[in-house]
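The values are calculated or read from the model by the stated rules, or taken from the named source; none is laboratory data. From a predicted model like this one, the values you see are computed outputs, not experimental measurements. Cβ: placed from backbone, ideal geometry, glycine included. Neighbour counts: every protein chain shown. When the accessible area is computed, the model is the full protein with side chains, heavy atoms only, and any ligands, DNA or RNA have been set aside. Shrake-Rupley method; radii C 1.70, N 1.55, O 1.52, S 1.80 Å.
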Amino acid sequence: MENKPVLKVENLTKHFSVKGGRKVVHALDDVSFEIPKGKTLGLVGESGCGKSTCAKTIIRIHEPTSGKVYINDTDISTMRQKELKPYRKHIQMIFQDPYSSLNSRMTVHDIIAEPLQAHNIASGKTATEMVHDILFRVGLNRDHADRYAHEFSGGQRQRIGIARALILKPDIVICDEPISALDVSIQAQVVNMLKDFQTEMGLTYLFIAHDLSMVRYVSDVVGVMYLGRLIETCDAAEIYTSPLHPYTQGLLSSIPIPSPKAAREKISVGIQGDIPSPIDLPPGCRFSTRCPKSMPICKEQEPAMLDAGGSHCVACHLYNK
Amino acid sequence: MWEKLDIRQEEREKIVSKRRSFLSDVWFRFSHKPTAIAGLMVIVLMILFAILTPSFTSHTFSSQVLDHVSMAPWLKSIALDEGEGYIYVNQNLKLIHVNADGTLGQTLTRLDEDDINKVNTYAFDEETLQLKYGGGSQTVVFEDGREFSDVVKVKNKTYLLGTDTLGRDILTRLAHGTRISLLVAFLATAVNMIIGILYGGIAGYKGGNVDGVMMRIVDIISAIPLTLYVILIMVIVENGMTSIIIALSSVYWVNMARVVRGQILSLKEQEFISAALTIGSSPKTILMRHLIPNSMGPILVTATMLIPQAIFMEAFLSYLGLGVQPPMASLGTMCNDATEMLRSAPYQLFLPAAMICLIMFAFNFVGDGLRDALDPQLRK
Ligand SMILES: Nc1ncnc2c1ncn2[C@@H]1O[C@H](COP(=O)(O)OP(=O)(O)OP(=O)(O)O)[C@@H](O)[C@H]1O
Ligand SMILES: [Mg+2]
């Protein structure tokens, strides 16, 4: 049973109700995936496509509208918060914004020790030991423990956030764009650190990013999201060589390509137009309004996620023979 | 030209700035605002004045000397010979001997009244003297024929700030009144703060329908002017200091609840609250360690602004006769007592009124300073 998924998401849906109306924001629709132990699923998509919503619904910051989330075969999607507490140890999250994700009225020590207190794992001296230990491992030192979060740089803050997520020794860590708020020079540092922790602690990552270039480096499998839906999943290597969905192709064409030769060969399929509102979705395929290869059927019927061979799944009528 | 320096990782991560906690940061900004510091100093002085004065004066707030009613801080009296002091003539033509140093001496006994010639006779030590008060001026005539009619202003050394209509020392009463007023204000504000934080905190944290119902209740309460409730409550319960505290505390928390709720609603969206949730912290921890400490700024500002409001309300109620009961002094009752004598003894009203203004200014300045210090983004 080596490839048993640690995290399995089935038809996860999250709709937000809009104030003062019966309309809903389709932030996340019918998303399913699974991540085997020790692997990384990279989730990409434009801003506002529901990546954070996906992460927060999995970890039950948001209550799912429907769908299931299994952690090591236990469904946590319908548990009450009290029952959920022991499972929270297994799944932790690193947040997008290193500034608002740390309480600026607390010292670094108190921030990192909070999970230990919440689960009655350690307190007092032992907790301090553990905090110093993890601080060292994220590249900070014990002098930083008594300082307040607002005294740190963005990169340092993000490392504090990582320390807080890892001190419970979770199985799964959801990284919600952990590096997008950081300076380029620090991004690589943080990503490498996350990779080191993965090999060392056998972590399973759900790694969210809004561009494909970083995801290629960290992920084993890549999932592409568009307007709340997962539209393509495949091996990280394959998504660059043979992207299937027109949206993925468009996303890839927006990555600067280092070699001029490759750049010349690149088929230019830039994506035109604006992303439609998640409140009034277009009929049929959600991408049909901007798709360069749109067909009549695309405006009528929503394509299902199907295997196009070799565990490469895509939701597009082009491949739906 | 450029050489790579050998700097170890720890060196790079070192934070060189002085370690400054949030509070010292706030204090730094607060202390650099002159009005705030001035306000704070006035408050401190006022508290010292209220606490210490009664132990320095020889009067108590309730002791009356009927001979010494309505004596101003500066006594207009008739000067006698050098070293013999002065004679103070009060409105009822009672004579009081004022010693040369300004302290009050004996009250002269009246021996004879002659309303027609406007001459009264008094006993002064072993002699008698006459006061002629016809023709707009007053003249003191001794047995041996010496006459004095020069009116001079003498500092009243026995009652530094004068006496009220019942002959009580105003300085002592002012200190006592300030003490009562501050005490009422602080206690009422503390109670308001606790109720407001809990109520607003729960409403904001629970959100949804709970919030809706709780805030509608607040709306209903605040739809009618709060003053009216306080007066109604004071009419029902017995007058007195405890009742005034109860009345103030049971009404003014609505503002605090609103402020706290607003803060918590906006803080709840921040990611550190989500983080606390994913960590597994209990709602109590989230409320007590994350939400409320982060709302402390606006809470403190609202509280400091509430103090002058409570002081004013207390003075107002006491002025109406609903508050502190005699002989206890509060700034409001002192104003009330003084209004009867407004024309002849304006200082009696002026002193407590000035005290109320001073307290209110001071607290408002401190509140302003605190708001700026706690929320630097608010400043231009
Ligand atoms: N609490 C909420 N209430 C209502 N709508 C929401 C809420 N949170 C998110 N949304 C909506 O859901 C959609 C997806 O938002 P989400 O934050 O998941 O995007 P994202 O992919 O993480 O974008 P980004 O890359 O900018 O972080 C957006 O249209 C957003 O407006
Ligand atoms: Mg996001």
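Quick notes on this structure:
- 17 Å reach of a label modelled at B:Lys155, 7 Å along Cα-to-Cβ, counting backbone N of region B:60-84: B:72-77
- Chain B: relative contact order in percent, alpha carbon pairs under 8 Å with at least 6 residues between: 20 percent
- With K and R counted +1 and D and E -1, the other residues having a Cβ less than 15 Å from that of B:Gly200 yield a net charge of +3.
- Which listed pairs, of A:Lys195/B:Lys284; B:Lys33/B:Lys155; A:Lys125/A:Lys169; A:Lys37/A:Lys293, have C-alpha distances above 26 Å, in listed order: A:Lys195/B:Lys284; B:Lys33/B:Lys155; A:Lys37/A:Lys293
- Contact residues in region B:259-282 (at least 30 Å² less accessible area with all protein chains than alone, 1.4 Å probe): B:Glu271, B:Phe272, B:Ser274, B:Ala275, B:Leu277, B:Thr278, B:Ile279, B:Gly280.
- Counted residue by residue at 0.36 nm each, then reduced by the alpha carbon distance between them, the extension gain from A:Glu200 to A:Ser123 reaches 25.2 nm.
- Residue by residue along A:51-61, Cβ atoms of other protein chains within 10 Å of the local Cβ number 2 on average.
- With Cα atoms as the point set, the radius of gyration and Dmax of the protein assembly as shown evaluate to 39.2, 137 Å.
- Average beta-carbon neighbours from other chains, 10 Å sphere, peptide A:102-114: 4
- The largest accessible area among B:Lys155, A:Lys39, A:Lys169 belongs to the first residue in A:Lys169, A:Lys39, B:Lys155, and the rest follow in falling order (1.4 Å probe, all chains).
- Largest-first ordering by accessible area, 1.4 Å probe, given options B:Trp74, B:Trp2: B:Trp2, B:Trp74
- Total accessible area lost when B and A pair, probe 1.4 Å, Å² to nearest 100: 2800 Å²
- Counting only protein heavy atoms and using a 1.4 Å probe, the accessible area of A:Glu46 comes to about 50 Å².
- About its Cα centre, the dipole of chain A is roughly 420 debye, where the only charges are +1 on Lys and Arg Cβ and -1 on Asp and Glu Cβ.
- Sorting B:Asp368, A:Asp73 by solvent-accessible area of protein heavy atoms yields A:Asp73, B:Asp368, largest first, with a 1.4 Å probe.
- Gaussian network model of chain A, Cα within-10 Å springs - most flexible of A:Glu177, A:Glu151, A:Glu238: A:Glu151
- Å³ per residue enclosed by the Cα convex hull of chain A: 157 Å³
- Kirkwood hydrodynamic radius over Cα pairs of region A:32-72, then Stokes diffusion coefficient at 4 °C and 1.567 mPa s, in µm²/s: 112 µm²/s
- Inter-label distance, B:Glu126 to B:Lys284: 8.5 nm, where each label sits 7 Å from its Cα along the C-beta direction.
- In the distance distribution for region B:82-155, Cα-Cα pairs more than 14 Å apart total 59 percent.
- Measuring nothing but how far apart in sequence close Cα pairs (under 8 Å, 6+ apart) lie, relative to its length, region B:82-155 scores a relative contact order of 15 percent.
- Zone residues, region A:225-255, relative to A:Leu306, backbone N less than 16 Å from point 7 Å out along Cα-to-Cβ: A:231-233, A:244-246
- Among A:Thr53, A:Thr128, A:Thr241, the largest mean-square fluctuation in a Gaussian network model of chain A, built with springs joining Cα atoms closer than 10 Å, belongs to A:Thr241.
- On the beta carbon distance between B:Ala190 and B:Thr103, with R0 = 45 Å, the FRET formula returns roughly 0.60.
- Put a plus charge on the Cβ of each Lys and Arg, a minus charge on the Cβ of each Asp and Glu, and nothing anywhere else: the dipole of the protein assembly as shown about its Cα centre is then about 2920 debye.
- Cα centroid separation, region B:160-191 to region A:186-204 (Å): 67 Å
- Solvent accessible area, Å² - B:Ile307, 1.4 Å probe, full protein context: 10 Å²
- Seen from B:Ser281, the other residues with C-beta closer than 10 Å to its C-beta sum to a net charge of +3, counting Lys and Arg as +1 and Asp and Glu as -1.
- A Gaussian network model of chain B, with springs between Cα atoms under 10 Å, assigns the largest mean-square fluctuation among B:Ala362, B:Ala185, B:Ala276 to B:Ala276.
- Note on region B:82-155: with neighbouring protein chains present and a 1.4 Å probe, carbon and sulfur make up 42 percent of its accessible heavy-atom surface.
- Fraction in percent of alpha-carbon pairs per bin - 10 Å, region B:183-276: 17, 40, 28, 12, 3, 0
- Spherically averaged projected area in nm², based on the convex hull that wraps the Cα atoms of region B:129-170: 4.5 nm²
- For the protein assembly as shown, adding -39500 (n - 2.57) for each run of n ≥ 4 DSSP H residues and dividing by the number of residues yields -14000 deg cm²/dmol at 222 nm.
- A simple rule links phi to the HN-Hα coupling: the Karplus curve 6.51 cos²θ - 1.76 cosθ + 1.60 with θ = phi - 60°, which for region B:186-201 gives 5, 5, 4, 5, 4, 5, 4, 4, 5, 4, x, 5, 5, 5, x, x Hz, with x for Gly and Pro.
- Note: relative contact order over chain A, using C-alpha pairs below 8 Å and six or more positions apart, is 20 percent.
- With the convex hull of its Cα atoms as the shape, region B:275-314 has an orientation-averaged projected area of 3.4 nm².
- Spin-label model, A:Ala188 to A:Lys293: label points 7 Å out along the Cα-to-beta-carbon direction sit 3.5 nm apart.
- Scattering from region A:49-199 was approximated by placing one identical point on each alpha carbon and applying the Debye formula without solvent; log10 I(q)/I(0) at 0.20 1/Å stands at -1.33.
- Per residue accessible area of region B:82-155, 1.4 Å probe, in Å²: 58 Å²
- DSSP beta bridges in the protein assembly as shown [antiparallel fraction, %, rounded to 5]: 75 percent
- Region B:219-364 - Kirkwood radius from inverse mean 1/r over Cα pairs (Å): 17.8 Å
- Computed about the Cα centre, the dipole magnitude for region B:82-155 is approximately 460 debye when only Lys and Arg (+1) and Asp and Glu (-1) carry charge, each at its Cβ.
- Rg(Cα) / (2.2 N^0.38 Å) computed for chain B, rounded to two decimals: 1.44
- Accessible-area loss of 20 Å² or more (1.4 Å probe, protein heavy atoms, chain alone versus all protein chains) is found in region B:284-321 for B:Arg289, B:His290, B:Pro293, B:Asn294.
- Distance between the pseudo-spin-label points of B:Thr165 and B:Ile37 (7 Å out from Cα toward the beta carbon): 4.5 nm.
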